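S.K.: Sharing a structure here in structure tokens format.
The values are calculated or read from the model by the stated rules, or taken from the named source; none is laboratory data. Keep in mind it's a predicted model, so treat the numbers as computed, not measured. Don't worry about glycine lacking a Cβ; one is built from the backbone with ideal geometry, like all the others, and counts go over all protein chains shown. Only protein heavy atoms, including side chains, enter the accessible area calculation; ligands, DNA and RNA are left aside. Shrake-Rupley method; radii C 1.70, N 1.55, O 1.52, S 1.80 Å.
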Amino acid sequence: MLWSIIHLYGAMQLSKIIALKRGLDPELAAITCAFHDIYTLFTGKTAEHAIKAEAFVKEIIIEYNSKAKGALPPVSDEEL
């Protein structure tokens, strides 16, 4: 568990640094990194977990957008 937290935090920080160097949104990069392990969380499998996470992330964001009613803006198609 501790390794997972350290991995998540480190990946998020690294993604923000890379995003800033490339002129991209560091917050969006950090959120993307936070989601990259979601496949492993749901399935317990690690092979190609970042690639296979896409379907889970899309489902979560589509559901969020359908329920978002003003407090926060919906996630745009470009961000998705």
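S.K.: From the C-alpha gyration tensor of the chain, pull out the three semi-axes of the equivalent ellipsoid (sqrt of 5λ each), sorted largest to smallest, in whole Å.
M.R.: After scaling each eigenvalue by five and taking roots: 21, 19, 11 Å.
S.K.: Averaging over all projection directions, find the projected area of the Cα convex hull of the range 1-46 and quote it in nm² with one decimal place.
M.R.: 3.2
S.K.: For the range 64-76, in order, what is each residue's ³J(HN,Hα) by Karplus, 6.51 cos²θ - 1.76 cosθ + 1.60 with θ = phi - 60°, in whole Hz (x at glycine and Pro)?
M.R.: In residue order, the calculated couplings are 4, 4, 6, 9, 5, 10, x, 4, 10, x, x, 6, 6 Hz.
S.K.: For the chain, give the percent of accessible area contributed by carbon and sulfur heavy atoms, probe 1.4 Å, rounded to a whole number.
M.R.: 66
S.K.: Considering only DSSP states other than H, G, I, E and B, which trypsin sites (Lys or Arg not before Pro) in the range 1-55 qualify as loop sites with at most 16 other Cβ atoms within 10 Å?
M.R.: Sparse-neighbourhood loop trypsin sites (Lys or Arg not before Pro): LYS45.
S.K.: May I pose another question? Please give me, ordered by residue number, the GluC sites (Glu not before Pro) of the range 1-64 that lie in loop per DSSP and have at most 11 other Cβ atoms within 10 Å.
M.R.: GLU48
S.K.: Counting only heavy atoms of protein chains, what accessible area per residue, in Å², does the chain have with a probe of 1.4 Å?
M.R.: Here the residues of the chain average 79 Å² of exposed surface.
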